[in-house]
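So the structure is just underneath, and the comments pick up after that.
The values are calculated or read from the model by the stated rules, or taken from the named source; none is laboratory data. Predicted model, so just to flag it, every value in this text is computed and none were measured. We place every Cβ from the backbone using ideal geometry, glycine too, and count neighbours over all the protein chains shown. When the accessible area is computed, the model is the full protein with side chains, heavy atoms only, and any ligands, DNA or RNA have been set aside. Shrake-Rupley method; radii C 1.70, N 1.55, O 1.52, S 1.80 Å.
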Amino acid sequence: LARSPFSFFLSEQLKPFRDFFLVFFFFVLGTQFEPAAMRAIALPALLLCLLMMAAKYGTFRWLFKRTGESTAFSHEMGARLAQGSEFSLILVIAEQRAGLLSENAFQLVQLVTVFSLILSSILVVARFPSPLASNPKLKQD
């Protein structure tokens with residue numbers, strides 16, 4: 001079903017809505033940032049981000065290898081899945097609004113996730129096939 005002509009048609013027709021809500025989501029996220037607090041936690045957030053990405057990369061790479069995938073595929077998928085997700089941001093927003101998470105912890109999780117999205121994107125476009133690849137040999141639609 002995901003590769004059917006109808007799926008591709010629907011995906012193309014809904015792109016403007018997807019893009020609008022994606023921009024809206026990150027705009028709302030940006031309004032939650034407190035620059036003064038971010039400066040104070042930038043280094044710990046970067047270290048946690050690198051630790052999280054390394055752990056996720058290793059875990060996914062190992063799991064893919066264990067299921068019989070090739071080393072190259074396992075490496076690429078581990079790298080692509082190493083980033084934090086937008087879903088974690090939704091969860092921490094809900095937890096913070098429910099009073100279950102301190103403001104500092106909320107800011108830390110936000111910054112770790114944003115750092116991981118940025119670093120992962122840079123890694124993927126520099127090293128793996130992608131429509132946005134920085135290396136012409138890796139450009140792929």
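Observations on the structure shown:
- The condition of being at pLDDT 90 or above, open to solvent by 80 Å² or more (accessible area, probe 1.4 Å) and assigned to a helix (DSSP H, G or I) holds for ILE118.
- Among the residues listed as LEU91, LEU63, LEU46, the single one being assigned to a helix (DSSP H, G or I), open to solvent by 50 Å² or more (accessible area, probe 1.4 Å) and either within 21 Å of VAL125 (Cα to Cα) or among the charged types (D, E, K, R) (or both): LEU46
- Being farther than 21 Å from PHE21 by Cβ, in contact (Cβ under 8 Å) with a residue 24 or more places away in the chain and either open to solvent by 30 Å² or more (accessible area, probe 1.4 Å) or not β-branched (Val, Ile, Thr) (or both) is a condition met by at least one residue of the stretch 127-141.
- Yes/no for LYS56 being surrounded by 12 or more Cβ atoms within 10 Å (Cβ to Cβ), at pLDDT 90 or above and more than 19 Å from the chain's Cα centre (by Cα): no
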